Structures are given as C-alpha cells and as structure tokens.
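Step one of this worksheet: look at the structure below.
The values are calculated or read from the model by the stated rules, or taken from the named source; none is laboratory data. Note that the structure is a prediction, hence the values are computed from the model and not measured. Because the Cβ atoms are built from the backbone with ideal geometry, glycine has one as well, and the counts that use them run over all protein chains shown.
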Amino acid sequence: MQCIDIIKNISSSGTYIPALMNCREKVYPDMNIDPVTYCNTLYYDDNYTVMQDILAQGGAGCIDCIYIDPPYASHARYNYTIQFNDSISAPSITVPAFSDTWNNDIVQYLEMLYPRLVSMRDLLSEQGSIYVHLDYHSVHYVKVMMDQIFGDKNFINEIIWSYTGTGSPQKGFKRKHDVILLYVKSNDFYFNHDAASEAQTEKSKSKYTMCDEEGKRYKQYRHRDGSIRRHYLNEHTRIRMRDVWDISTIQSWNEKLHYETQKPEALLEKIISVSCPQNGVVADFFCGSGTTLAVAERLGRKWIGADSEHYAVMLSRNRLIHMQAHPFQIQSTKTDTFLTLTSQYFTVSKNEKQETEICLNNFTLNTDVPHIQKIVKIKSILEHIQWENTIDYWAIDWNYNGSIFHARWQSCRINRKKPVSVTLKANSNNFPVQYPIAIRVIDIFGTVYQTIVRQA
C-alpha cells in the first residue's frame, strides 16, 4: 500500500530551489576548439540539486533527450576496480562505487526517484524524450510512477535490451535482459525514422517465395477489400526496429572501464541518434562511467552529465579528455579542498625554444586521507606500484586567476593504458608572465593536490 500511496501523492513541481553551484574547473582537451561558443557541463553533485538549480536558472525545456541508468533497487553494492596495466597478474584495487540497497525498502527507493523524474519532465523540451533504464527489480513500480508523471498517453515503448552471458540458475530461466521505458513530453517529440530503421534480415527476405515473369521476388497478401495483391521485395528497403534490441554487452577491452554498471556505447548510440536532433542537448543525471556523454560528444550533440560519486566523475572526465572532447566545465556545490603539492615533486624550466616546461619528478600518495585509510592493505599494495601509476590526472593552468582552474594542458589515465605523461609544455608567449601557474594533481582515489608557481 505504501508504494501506491507514493504514486498517488506525486505532485507537480512549482517552485525550484537554486543551489550555490560553482565552476570548479574548465577542461580543454582540444585547444583548437573555441571554448566560448561550445562548453558542456559535468556536475559533481546530487542530481536533484543539479536539476533544481538548472530549473531555477530558467532551464525548463532546455533538454531534448534524457537517458538515465539509475539504481535498480537491486539490494547490491557496486564497485570500481583500479587496475595498473594490461597484465592479468598486475595488482589492482577494488573500491566502493555506490550502494543500491535502500535498507531493503522499496519505498525509500521510490521516494528518491520520483521527485527526480518530475524535475526531468520539467527539463525536457516539447520535442523531448526520456529513456529510463531498469530491470526486473523495480520497473513495474517505476512504470506506474511515470504514467502519473508524464501521462500514460506519452508512453511510447517498453524496450527490451537483450544480451547473452554465462551462468545459469539452478531453477528458472537465465535473466539476460533489461527494460528501458521510453516516454515523451508531448506528441511533437523528435523521432529520427532513419536511425530507428534497420536492414531486412534474411528471415524477413525468405518470406518472398514467389517470382513473376521477370524473376522479381514477391509475396502475396490479402488486402482489406478482400483482393489478393503482391508485395515485391526491395533489397534496399529498411524496416522499423522492433522494441527488442539485441545488442551485446561490452566485449572490447578498449571500451571496458571496469565500472560495474557500465553500458555499451552501441546502446546509447541508438538512443541518441533516434531521439536527439543534431543541434540538440542530451542529459544523463546518473552518468556513471560517462558512456552517454562520450557518445553524445562523438555524435556532435551537446550534453549535460551529473553524478554524486567522485569515481564516476573522475572516470567521465578522463574518458572525455582521452577522446579530445569539446571544452567542458565541472561544477559542484562542494567546497574545493586541496592538499599541498610540494616543490620536490616537480620542476619548472625553459627549453631551447623558450617554451615553459613542467615536469613531475616524483609523487607520494597521501594514505592518511580518511576514505583511503578504509582500503584494506593499501600501503602494502602501493609499495609495488610505480608512482606514475598512482596519479589519475594532472593538469596545468598557465594563467591561473585564483578562482576557476582552467586545465589547458592535462594528462590522465584511461582504462588500463599507460600511466600519465609526466611532462607538459607550452609556448609561454601565449600567456602573460605576470600571472602564476597552477599545477593540479588528482590521485587514483580522488584526492586533489595543488600548488601555485611563478612563470619560469
């Protein structure tokens, strides 16, 4: 009964709550792109706070396609594995990513989700669509909630994402599908018919069993007027996709990021191509490993991402840098706190071309930080890891204004690839020498170290 009461008591949003959202960092993976005309946003914060702030700033109707992969009320705890190279025997560290337990209380889960869905509805444009990715644990509850929030007439599809995998239960059938609920804001929703079509299968073609006098294949069907008619096979005709999608889970080591709930890019590519126009905005408010953001970037859409877990934000940021994304900013209500990066770890000099060079010479990860102290045997593990591998990301702002850190040069880890590059350089003529240089290092556990130095 409690679940039904929650659904009955859903109210329309009215007053939005602004937040003191601050820009913590602007990242420029490709310096050839003008950041003034193109800047996406990754939020490190509770997504409800993020959405309320966007709405309070007049952002209602600003998003064309929302995809979310929220917790499922699965009663599980999920992890993120930090690995250091491609060797199977290489050391690794498993750290908590997020908890999906809700004290085994579905009511707590629904109370978390429903105001967020209301905010997402208000953020959608009139041509907007929302895809909510769930599984058997909670989809039946959430479907009823979304009928109430969006209106049952705005329900379009229950998409089944079907995949294969190992393991069989002792009794029952293998659970190898997820459910994606598709709702729209209005009947004017954007839908790309070409992207929602696929080539005919051989099974479909085999139904054309007859040939005419010219050798053209056709099949017969009864028209509603009672007559028998012919339908000819056109090899180039594409057909509308079914609502059952056979897309494999992530198989490529280049795509796999060791984040337990990571979804394949092929799935997001289909969703964004179908439901977001070329000049549109895509949002993912449970962005996790950043798949939605990466695919939106690759397809030329603008994007908004949010996650409250620092490992998710770290992974998303590195993924975007690795693909040389358009400039983006990281915003949060959280207060920036830094440990001091001491001068023994780096050198600043001029090379023969009079370019300023900054080189990291060493680094010692601080294991006294509370969230690192909780990791079992962390000190003994780190003894066998090169110092370069303990750095997740480091960047330089050659023209630091004392407020927003502009990461104009950066190096980061991605997947289990090589460690960060330890030398960054730039032509100092591009930056006024009176401004200081800021050096920022983030270790593999998310601790931020920073220092300020003068131009060499």
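Residues that are touching a residue at least 24 places away in the same chain (Cβ under 8 Å) and surrounded by fewer than 21 Cβ atoms within 10 Å (Cβ to Cβ) within the range 127-140 comprise Gln127, Asp135, Tyr136, His137, Val139, listed in sequence order. Count of the range 200-210 residues, restricted to those that are outside any loop (DSSP other than H, G, I, E, B) and loosely packed, with under 11 Cβ neighbours inside 10 Å, is 2.
Within the range 307-331, the set of residues being closer than 16 Å to His406 by Cα, part of a loop (DSSP other than H, G, I, E, B) and under 14 Å from the mean Cα position of the chain (by Cα) comprises just one member, Ala325.
The single condition among (1) modelled with pLDDT of 85 or more; (2) out of contact with any helix residue (DSSP H, G or I) (no Cβ under 6 Å at 6 or more places or on another chain); (3) over 28 Å from Ala438 (Cα atoms) that Ile88 does not satisfy is (1).
Return the total of residues in the range 174-190 being among the aromatic types (Phe, Trp, Tyr) and part of a loop (DSSP other than H, G, I, E, B). Selection size over the range 174-190: 2. Every condition in (1) assigned by TED's automatic domain parsing to the domain that holds Val420; (2) closer than 19 Å to Cys412 by Cα; (3) not hydroxyl-bearing (Ser, Thr, Tyr) holds for Lys353 except the one numbered (2).
Within the range 249-268, being outside any loop (DSSP other than H, G, I, E, B), closer than 27 Å to Ser125 by Cβ and of a type outside the set (Gly, Ala, Ser) holds for Glu265, Leu267, Leu268. In the range 295-312, the qualifying residues are those that are among the hydrophobic types (A, V, I, L, M, F, W, C) and buried (at least 24 other Cβ atoms within 10 Å of the Cβ), and the one that is modelled with the lowest pLDDT is Ala312.
Being in the same structural domain as His326 (by TED's automatic domain parsing), part of a helix (DSSP H, G or I) and touching a Lys or Arg at 6+ places or on another chain (Cβ under 8 Å) is the requirement here; does Ala294 meet it? It is true that Ala294 is in the same structural domain as His326 (by TED's automatic domain parsing), part of a helix (DSSP H, G or I) and touching a Lys or Arg at 6+ places or on another chain (Cβ under 8 Å).
Within the range 123-145, being more than 22 Å from Thr15 (Cβ to Cβ) and part of a helix (DSSP H, G or I) holds for Val139, His140, Tyr141, Val142, Lys143, Val144. The number of residues in the range 383-413 being within 17 Å of Ile442 (Cα to Cα), under 29 Å from the mean Cα position of the chain (by Cα) and not β-branched (Val, Ile, Thr) comes to 17. Pairing each residue of the range 65-77 that is among the aromatic types (Phe, Trp, Tyr) with any residue that is part of a loop (DSSP other than H, G, I, E, B), provided the two are 6+ apart or on different chains, yields C-beta distances under 8 Å for Tyr72/Asp135; Tyr72/His137; Tyr72/Ser138. Only one entry in Ile378, Ile396 is touching a Phe, Trp or Tyr at 6+ places or on another chain (Cβ under 8 Å) and not acidic (Asp, Glu), namely Ile396.
For the range 269-285, what are the residues that are assigned to a strand (DSSP E or B) and not β-branched (Val, Ile, Thr)?
Ala283, Asp284
Among residues of the range 335-363 that are of a type in the set (Phe, Trp, Tyr), those with a beta-carbon under 6 Å from a residue that is in a helix (DSSP H, G or I) at least six positions away or on a different chain give the pairs Phe363/Tyr345; Phe363/Trp387.
Before we move on, is Asp212 among the charged types (D, E, K, R), at pLDDT 90 or above and under 30 Å from Ala306 (Cα atoms)? Criteria not met by Asp212. When the range 332-352 is filtered for residues that are of a type in the set (A, V, I, L, M, F, W, C) and in a strand (DSSP E or B), the ones remaining, listed by number, are Leu339, Phe346, Val348.
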